[in-house]
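First comes the structure, then the notes that go with it.
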Amino acid sequence: MKRESGILLSIASLPSRFGIGCFSKEAYEFVDQLKEAGQSYWQILPLGPTSYGDSPYQSFSTFAGNPYFISLEDLIEEGVLTRQECEEADFGETPDAVDYAKIYEARFPLLQKAYERSNISRNTEFQNFLEENRWWLEDYALFVAVKSRFGGRAWTQWAEDIRLRWQNALDYYRRELYYEIEFHQYLQYLFSKQWNQLKSYANKKGIRIVGDIPIYVAMDSADAWAHPELFQLDQDNVPTAVAGCPPDGFSATGQLWGNPLYRWEYHRQTGYQWWISRLSYCYRLYDVVRIDHFRGFDEYYSIPSGSDTAVDGHWEQGPGIEFFQAVKQALGEKEIIAEDLGYVTDSVRRLVYDSGFPGMKVLEFAFDSRDSGCASDYLPHNYPENCVAYTGTHDNETITGWYGSITPEERKLARDYLCDFYTPENRLYLSFISLIMRSQARLCIIPLQDYMGLDNKCRINTPSTVGENWKWRLLPGQVTEALLETIGAVTLRYGRWNW
């Protein structure tokens, strides 16, 4: 198999002039930089519109794109916004961090102006987009418009008639909110158009996109509102149980995610049609799909609704290999990365093996006693060829921050394994990167922060916390020629260059 490598970087973390990374010229420049450094893949985080907490793993829709990623520069060039309007907007005072409150307050009024000036209803391309995506877009645009009418409240707190989707209520709001609905359809049209252009550019440069999708949908989402039959909800569409993770070395009370759980028997009876539609749509957006929390297809952790922690949860049986057989029959061979991290049972290992998908190996877990998995599985000399190796993921500390946070005994263990007793700690990140790059793993993906040697101030997410996550951004010019030369040299040295 061909040895390859890539970089993990959220779209939001790109530099840009207007508060958050987006599909602007900086994204195209980053693709060029990946090419220059011999990379084959760009792994991103989920692209959906974010809700409370700003997490891309809690989205208002499985299918919609985040309007924050729409390039305002493109709208200026199109003539529906002026540069003065964009530059006068307040996107925050911290160029190295996203200020989501300021972004929300500044971007949507600008996008509303662009919509009003676009004369979009007469745009044939827009009409074709509506027709092609009606199967999900109609419900999503109505959902967002009604949510705004109810002051942003979760759909579970709406008036009963629209909460339960009575036909007369649906008809009323579609008439009453016609222009608001069209506005959100317009945003999805812009998102799709701009993303497809960027992805096409990347593919032409030989860069493939790894998309990341959460296994679950948010409770406050168009998916749960429009299709309650897919989830474990009662007759009033209230969850009977929710998702999460049990207690482990990182959290004594576990993780209470709060997502609605799937009604897997219903999915089985429909031939997993919703999931097949979801994955089919993903392959319009990405070249490879990483499914977060893959073990949930084997067994999923069920927490009684109303619980304050995950302590009282229990494991339930998932759909297993039958699900992936149905996907393969419907879609053919597709590239999937199975996120099989954490406490992995023999049945999970069997599911990953039977699926044929590469699992994940995270170097930090090899030397960290807080991890609940088997450390030897994460030592690079044990990596199988069919896996994707990471120094860390979006949920982990940076490699530099991690090395500073583990115990002296664990640091000694890592140094002994490296056979590196002299490299200064502030340069040791390259030794760790090299360690997995020379492993047998067919693909290695490194968070850009790790190649830069950044500490935990530049960490993208700390699980089970809210308020300071998903904010880190690159500053203009921070990806230097010297950095690209370093990345390229490591990539070439271990036979992973994208020729």
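Summary of computed values
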| quantity | calculated |
| --- | --- |
| With every protein chain in place, the chain: carbon and sulfur % of accessible area (1.4 Å) | 49 percent |
| Within the chain: Cβ-based charge dipole about Cα centre, in debye rounded to nearest 20 (Lys, Arg +1; Asp, Glu -1) | 1120 debye |
| Rounded, prolate or oblate (a/c below 1.5 giving rounded, otherwise prolate when a/b exceeds b/c) for the stretch 233-318 by Cα gyration tensor | oblate |
| Accessible area (Å², 1.4 Å probe, nearest 10) - residue 309 | 50 Å² |
| 5 angstrom amide H check on residue 446, placed H, neighbours 5+ away | 6, 7, 8 |
| Theoretical FRET efficiency, 1/(1+(r/R0)^6), r = Cβ-Cβ of residue 475 and residue 203, R0 35 Å, to 0.05 | 0.80 |
| Cross-link pairs beyond the 21 Å C-alpha cut-off, checked among 25/199; 147/471; 25/334 | 147/471; 25/334 |
| Whole-angstrom gap from the stretch 113-128 to the stretch 9-25, using each part's C-alpha centre | 25 Å |
| Charge-dipole axis of the stretch 1-123 as Lys and Arg at +1 and Asp and Glu at -1 on Cβ define it, positive-most pick from 43, 1, 18 | 1 |
| DSSP-defined beta bridges in the chain - what % are antiparallel, rounded to 5 | 35 percent |
| Amide H contacts of residue 241 (H built 1.01 Å from N, under 5 Å, at least 5 apart or other chain) | 261, 305 |
| Average accessible surface area per residue within the stretch 231-358, 1.4 Å rolling probe, Å² | 44 Å² |
| Sequence-distant residues sharing a close amide H with residue 315 (under 5 Å, placed H) | 302 |
| Computed accessible area, residue 268, all protein chains, 1.4 angstrom probe, square angstrom | 80 Å² |
| 3J(HN,Hα) from dihedral phi, the stretch 127-139, Karplus parametrisation 6.51/-1.76/1.60, rounded to Hz, x for glycine, proline | 4, 5, 4, 4, 5, 5, 10, 4, 4, 10, 6, 4, 5 |
| Spherically averaged projected area in nm², based on the convex hull that wraps the Cα atoms of the stretch 432-499 | 6.0 nm² |
| Leading residue at positive end of dipole, the stretch 231-358 (Cβ point charges), from 332, 304, 254 | 332 |
| DSSP beta bridges in the stretch 231-358 [antiparallel fraction, %, rounded to 5] | 80 percent |
| Additional length obtainable on full extension of the chain from residue 105 to residue 273, 0.36 nm per residue less Cα span | 56.7 nm |
| For a label point 7 Å along the Cα-to-beta-carbon line of residue 166, residues of the stretch 229-248 with backbone N under 16 Å | 236-237 |
| Net dipole in debye of the stretch 231-358 [+1 Lys, Arg Cβ; -1 Asp, Glu Cβ; about Cα centre; nearest 20] | 440 debye |
| Phi-based couplings in Hz for the stretch 212-224 (Karplus 6.51, -1.76, 1.60; Gly and Pro marked x) | 10, 10, x, 5, 9, 9, 6, 4, 7, 9, 4, 5, 5 |
| Over the stretch 1-112, relative contact order from alpha-carbon pairs under 8 Å, at least 6 apart, % | 25 percent |
| Area of residue 83 that stays accessible when all protein chains are in place (1.4 Å probe, Å², to 10) | 90 Å² |
| Sparse-neighbour loop sites [GluC sites (Glu not before Pro); the stretch 335-376; at most 14 other C-beta within 10 Å; DSSP] | 335 |
| q = 0.13, 0.16 Å⁻¹: log10 I(q)/I(0) that the Debye formula gives for the stretch 1-135, counting C-alpha atoms only | -0.67, -0.98 |
| Relative contact order computed over the chain (Cα-Cα under 8 Å; 6+ residues apart), in percent | 19 percent |
| Residues of the stretch 18-102: accessible area per residue with a 1.4 Å probe, Å² | 35 Å² |
| Shape category assigned to the stretch 341-499 from the gyration tensor of Cα positions, a/c cut at 1.5 | rounded |
| Scattering curve values for the chain, log₁₀ I(q)/I(0), Debye with Cα scatterers, q = 0.06, 0.07 Å⁻¹ | -0.27, -0.38 |
| Spin-label pair residue 252/residue 52, simplified geometry with 7 Å Cα→Cβ offset, distance in nm | 2.6 nm |
| Estimated [θ] at 222 nm from DSSP helical runs (n ≥ 4, -39500 (n - 2.57)) normalised by residues in the chain, nearest 500 | -12000 deg cm²/dmol |
| Length added when fully stretched, residue 315-residue 335, from 0.36 nm per residue minus Cα-Cα | 4.4 nm |
| Rounded to whole Hz, the Karplus (6.51, -1.76, 1.60) HN-Hα couplings of the stretch 334-346, x for glycine and proline | 10, 7, 10, 9, 8, 7, 10, 8, x, 6, 10, 8, 4 |
| Pairwise FRET efficiency - residue 407 versus residue 138, Cβ, R0 = 45 Å, nearest 0.05 | 0.25 |
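The values are calculated or read from the model by the stated rules, or taken from the named source; none is laboratory data. Predicted, not measured: the structure shown is a model, and the values here were computed from it. Reconstructed Cβ throughout: ideal geometry from the backbone, glycine too, with neighbour counts over all protein chains shown. Areas reflect the complete protein model, heavy atoms only, side chains present, ligands, DNA and RNA absent. Shrake-Rupley method; radii C 1.70, N 1.55, O 1.52, S 1.80 Å.
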